[in-house]
Amino acid sequence: PAAEEKNVGAPPFEMPEIRFTKLFINGCFVDAGSGRTFETRDPRTGDVIASVAEGDKEDVDLAVKAARDAFDHGEWPRMSGSERGRIMMRFADLVEQHAGELAALESLDAGKHPAVTMAVDIGNAAGSLRYFAGAADKIHGETLKMRGQFQGYTLREPLGVAGLIIPWNFPTTMFGIKVAPALAAGCTVVVKPAEQTPLSALYLADLAKQAGIPDGVINVVPGFGPTAGAAIASHMNVDIVSFTGSTEVGRLIMEASAKSNLKPVSLELGGKSPLIIFDDADLDMAVELAISANFFNKGEACVAASRVYVQDSIYDRFEKKLAERMKSWVVGDPLNDPRVDQGPQVDKAQYERVLSFIDRGKREGATLLTGGKPCGKKGYYIEPTIFTNVKEDMVIAKEEIFGPVMCLMKFKTVEEAIARANGTTYGLGAGVVTRDLDVANRVVRSVRAGLVWVNCYFAVSSDCPFGGRKMSGFGKDEGMHALDKFLAVKSVVTPLRDSPW
Ligand code: ADP
């Protein structure tokens, strides 16, 4: 209802008011200790939207102290699971009630399509809060009939202070899916949003307070990765880090943990996911899937299927249909033009990075089927780019580009498709399009990835574990596996005297 009233998702709509630009520590919005701020920009124009307090190590120390106190002495981990769940449900309701403002804020800060934020981010964040709210009072241990005159049981206890370091491509989703399981477990958290998109996390912190989440339980410290992010990863009083971002930074997080207190880490990293289209596929459906799997959210998705393999007998028809369909694809301002499919890349650095990959592809000898250039008079817009004649050893086929760039390739047999799909250092997502159940099952069982979509792509849900393997990382967001990360198992043993059983 909130969305309909505000007409969000059907641009043009009102610019949001920026109400929160300071660090959120112990329930209050405060300046950074250094007094420094950084600018967050509108990717449609490159103009400054707001100056945001720049958290650094000393601010992280304060946030961790607040979280530590709330954990060691506060009510959150000690209240019943159902009470925590009740408060989280209220938080979820508030997220939905403020969906319009959040979507507008996110579009402004990240260049996202408001309809995507409404449908995906708000749904994921509220959905995750509700899913884990429902799990909060179902955290049980086991009873053990031990050898000898003993019996045992296990307690599942909250780990403590969780550091949650999140990226800029789905800021509201990431906040929701990281914070919800930690809170349900009874942990307290310090969130570091990405420097490109700090606004929604601060807005969500305010909603959490309104929902009744006690002070110190959620802290938000915007700032840069090598300073604020690194301070969380190496903090001696942070008990777990859950991170989503690049493989490169994932390594640094793990290293920081190893060099400090050996806190467990959960890493959701990059990908170069394959989408395999067999010759019995519904061609129209397959074309739409390949497009959304690459150009949804401007290609800024870790599970984007940036390698599309099409069986040789249908390849020419597929390529033609794809090129034809892309003629009606509109790149532009997602806030002001209702026809727009694709907005600007998140910032100048990403825009330039994606363009340099496109140049690399051209230089390596791949052929452009569509796109290949920046577009628009200002802002960070890039044409949806499809390369053909791509060889597996080209950089564009191997490295994560994180932009609207598809590599279209040909294969002959199931075995070849599986081998090439697995021929990557990553293992995040994979897709298969076929009507043949045996072929689908073979691919599903053989592909080394954390998520496999059959005749669909990108479908996610709060109960569906999300995370990769190989250099895409380890540990899951969403699903009960995500709750487990934030719980420690304690084995308790008692003597069993005078019992014949
Ligand atoms: P991307 O390449 O998508 O920007 P990054 O991995 O660089 O992804 O960033 C994801 C998150 O990790 C952001 O919040 C960023 O600030 C943070 N980050 C970057 N560098 C570090 C670091 N050295 N230590 C901890 N966090 C970092």
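Assorted remarks:
- Look at the stretch 220-243: where a residue is over 21 Å from Phe474 (Cα atoms) and within 9 Å of the ligand (Cβ to nearest atom) and a partner is open to solvent by 10 Å² or more (accessible area, probe 1.4 Å) and assigned to a helix (DSSP H, G or I), sitting 6+ places away or on another chain with Cβ atoms under 6 Å, you get Ala231/Lys57.
- Annotation: of all residues in the stretch 40-69 being among the hydrophobic types (A, V, I, L, M, F, W, C) and assigned to a helix (DSSP H, G or I), the one that is surrounded by the most Cβ atoms within 10 Å (Cβ to Cβ) is Ala63.
- Looking across the stretch 137-172 at every residue that is surrounded by fewer than 24 Cβ atoms within 10 Å (Cβ to Cβ) and hydroxyl-bearing (Ser, Thr, Tyr), the one that is farthest from the ligand (Cβ to nearest atom) is identified as Thr143.
- Looking only at residues of the stretch 316-328 that are open to solvent by 40 Å² or more (accessible area, probe 1.4 Å) and in contact (Cβ under 8 Å) with a residue 12 or more places away in the chain, we find that the one that is farthest from Val390 (Cα to Cα) is Arg325.
- Residue match in the stretch 244-255 (condition: open to solvent by 10 Å² or more (accessible area, probe 1.4 Å) and away from the ligand (no atom under 16 Å from the Cβ)): no
- Residue within the stretch 366-378 that is open to solvent by less than 30 Å² (accessible area, probe 1.4 Å), under 22 Å from Arg41 (Cβ atoms) and touching a Pro at 6+ places or on another chain (Cβ under 7 Å) present: no
- Failed item in (1) surrounded by 22 or more Cβ atoms within 10 Å (Cβ to Cβ); (2) in contact with a Phe, Trp or Tyr (Cβ under 9 Å, 6 or more places away or on another chain), with Asp341 passing the rest: (1)
- Failed condition for Arg78, given (1) buried (at least 24 other Cβ atoms within 10 Å of the Cβ); (2) assigned to a loop (DSSP other than H, G, I, E, B); (3) among the charged types (D, E, K, R): (1)
Per-residue answers, yes or no, for (1) farther than 26 Å from Pro167 by Cα; (2) at pLDDT 95 or above; (3) open to solvent by less than 20 Å² (accessible area, probe 1.4 Å):
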position	(1), (2), (3)
Gly427	no, yes, yes
Asp438	yes, yes, no
Val447	yes, yes, yes
Trp453	no, yes, yes
Phe474	no, yes, no
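- Residues that are under 17 Å from Gln196 (Cα atoms) and among the basic types (Lys, Arg) within the stretch 75-121 comprise just one, Lys112.
- Those residues of the stretch 77-91 which are closer than 9 Å to Ala136 by Cα and of a type outside the set (D, E, K, R), in sequence order: Ser80, Gly81, Ser82, Gly85
- Leading residue by the ranking (farthest from Ala301 (Cα to Cα)) among those in the stretch 95-154 that are of a type in the set (D, E, K, R) and modelled with pLDDT of 95 or more: Glu142
- For the stretch 385-422, a residue qualifies if it is in a loop (DSSP other than H, G, I, E, B) and out of contact with any helix residue (DSSP H, G or I) (no Cβ under 9 Å at 6 or more places or on another chain), and the qualifying residues are Asn389, Asp393, Thr413.
- Taken over the stretch 358-384, the criterion of being under 18 Å from Ser328 (Cβ atoms), part of a loop (DSSP other than H, G, I, E, B) and of a type outside the set (Gly, Ala, Ser) is satisfied by Glu383, Pro384.
- Tabulated pairs, the stretch 62-74, first farther than 21 Å from Ser34 by Cβ and touching a residue at least 60 places away in the same chain (Cβ under 8 Å), second open to solvent by 30 Å² or more (accessible area, probe 1.4 Å) and not in a loop (DSSP other than H, G, I, E, B), C-beta under 9 angstrom, 6+ apart or interchain: Phe71/Pro158
- Test result for Phe458, more than 22 Å from Gly245 (Cα to Cα), outside any helix (DSSP H, G or I), in contact (Cβ under 8 Å) with a residue 24 or more places away in the chain and not small (Gly, Ala, Ser): no
- Against the criterion of being among the small types (Gly, Ala, Ser) and under 14 Å from the mean Cα position of the chain (by Cα), Gly176 qualifies.
- Residue match in the stretch 191-208 (condition: surrounded by 23 or more Cβ atoms within 10 Å (Cβ to Cβ), within 16 Å of Leu487 (Cα to Cα) and more than 14 Å from the ligand (Cβ to nearest atom)): no
Yes/no per residue for (1) buried (at least 24 other Cβ atoms within 10 Å of the Cβ); (2) aliphatic (A, V, I, L, M); (3) in contact with a strand residue (DSSP E or B) (Cβ under 9 Å, 6 or more places away or on another chain); (4) within 26 Å of Gly223 (Cα to Cα):
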position	(1), (2), (3), (4)
Phe71	yes, no, yes, yes
Lys112	yes, no, no, yes
Ala125	yes, yes, no, yes
Ala135	no, yes, no, no
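The values are calculated or read from the model by the stated rules, or taken from the named source; none is laboratory data. Keep in mind that this is a model prediction, so the values were computed, not measured. Please note: Cβ atoms are built from the backbone with ideal geometry, for glycine as well, and neighbour counts cover all protein chains shown. SASA here: full protein model, heavy atoms, side chains in, ligands and nucleic acids out. Shrake-Rupley method; radii C 1.70, N 1.55, O 1.52, S 1.80 Å.
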